[in-house]
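What follows is a single structure, written as C-alpha cells, with notes after it.
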Amino acid sequence: MTPNAQEWRRIWAMPLFGGIDREKAEAILREHGCTTCSFADGEVLMSPDVHQKRIGILLKGEATVTTPDPGKETLLRFLSPDEPFGIANLFLDTPFVSIIRAKGACKAFFLTEEAVRALLESDRIFLYRYLSFLSGRICYLNRKIGYLTAGTAERRLALYLSSYSLAEFSLNTSITSLSELLDIGRASLYRAFDKLCEDGLIEKDGRRIRIPDTEALLQAYQ
C-alpha cells in the first residue's frame with residue numbers, strides 16, 4: 001500500500017530525509033515499489049529468514065529488536081514510531097542479523113534496495129543523513145555493549161539512563177521490558193532504582209526521571 005498524505009508528511013519530517021528534494025525523492029520511492037505494511041502483535045517485520053533487502057520505518061505502534069539466537073533471544077532495543085530499522089541491511093553479505101517483531105499492532109513503511117541506492121546516488125544530502133544515522137547506531141551499540149557487560153544492576157541502570165543524554169525525561173518502556181533489556185531481574189532493577197535515588201544521583205516519579213548531574217552518575221559507577 002502506498003503511504004497516505006499524512007504518512008508522507010511524517011516520513012519527510014524524519015531526520016533521515018531532512019533537507020532532501022522531496023518531490024524527486026517521492027518519485028524515486030514510488031518508482032521502486034516502496035510500500036506500507038501493517039502487522040499484528042508478534043508478527044515479524046524483518047529477520048534473517050526474510051531475504052528481502054530493504055529498510056523499514058515504523059509509522060505506527062512499537063516493535064522489539066532481538067538477537068536471532070535459538071532458545072534465548074536477547075532484547076536489544078525497542079522501536080518507536082518514526083524510527084528506521086534495518087538501515088545496514090542493504091550492504092550485508094550475510095542475512096539480516098536481528099529479529100524485529102511487532103509489539104502490538106503496528107505499521108511500517110519499507111524502502112526497497114533499489115530505492116535507497118537511487119537516493120544515495122542522486123541526493124548528496126540523503127547520503128550524509130544515511131551515514132549520520134549509521135554512525136549513531138554504532139554509538140548506540142557501543143553503549144548497549146557497555147551496559148550489558150557493566151556488572152552490577154546499579155551500573156547497568158546508570159549507563160542506560162545516561163544514554164538518554166537528557167537531564168529530565170520519561171522512560172519509554174515498562175519495568176518488565178527494561179529488566180529484559182538490561183538482562184537483570186525485576187526485583188534487582190527496583191533495588192537499583194532505589195539505590196540511585198537514595199544516593200541522590202537520580203530523582204524518580206513514576207516513569208519520569210531527572211538526573212541532576214549526569215557526570216556524577218557515571219563517575220559513581222565507573
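The values are calculated or read from the model by the stated rules, or taken from the named source; none is laboratory data. Quantities reported herein were computed from a predicted structural model and do not represent experimental measurements. When we count neighbours, we look across all protein chains shown, and the Cβ atoms used for this are built from the backbone with ideal geometry, even at glycine. Keep in mind that these areas ignore ligands, DNA and RNA; they rest on the heavy atoms of the full protein, side chains included. Shrake-Rupley method; radii C 1.70, N 1.55, O 1.52, S 1.80 Å.
Here are some notes:
- Mean Cβ count within 10 Å, highest first, over the residues of peptides 190-196, 204-210: 190-196, 204-210
- Heavy atoms of V97: accessible area, 1.4 Å probe, square angstrom to 10: 90 Å²
- Cα-based radius of gyration of the chain once divided by 2.2 N^0.38 Å, which approximates compact folds: 1.11
- Descending by average beta-carbon neighbour count within 10 Å, the peptides 166-175, 8-17, 80-89 line up as 80-89, 8-17, 166-175, the highest first.
- Model label points for F91 and I125, set 7 angstrom from Cα along the Cα-to-Cβ axis, are 2.2 nm apart.
- For C34, the residues whose amide H sits under 5 Å from its own are T112, ignoring neighbours fewer than 5 places away on the same chain, with H placed 1.01 Å from N.
- Annotation for L171 and L134: the two label points, set 7 Å from Cα along the Cα-Cβ direction, are 3.5 nm apart.
- Using the rule -39500 (n - 2.57) for each DSSP H run of four or more residues, divided by the residues of the chain, the 222 nm mean residue ellipticity is -12500 deg cm²/dmol.
- Projected onto their three principal axes, the Cα atoms of the range 1-79 cover extents of 46, 22, 22 Å, largest first.
- GNM remark for the chain: springs join alpha carbons under 10 Å apart, and the peak mean-square fluctuation among G56, G151, G42 falls on G151.
- The string of couplings for the range 56-64 from the Karplus curve (6.51, -1.76, 1.60, θ = phi - 60°) is x, 10, 6, 9, 8, x, 9, 8, 10 Hz, one whole number per residue in order, with x for Gly and Pro.
- Nearby aspartates and glutamates by direct alpha-carbon distance to K107 (threshold 16 angstrom, same-chain neighbours under 8 apart not counted): E7, D41, E43, E62, D82, E83
- The Rg/Rh ratio of the range 182-222, with Rg taken over Cα atoms and Rh as the Kirkwood radius over Cα pairs, comes to 0.97.
- Computed from phi, the 3J(HN,Hα) profile of the range 127-133 under the Karplus parametrisation 6.51, -1.76, 1.60 (θ = phi - 60°) reads 4, 5, 5, 4, 5, 5, 5 Hz, with x in place of Gly and Pro.
- Helix 153-162 vs. the chain, principal-axis angle (Cα, 0 to 90°, nearest 10): 50 degrees
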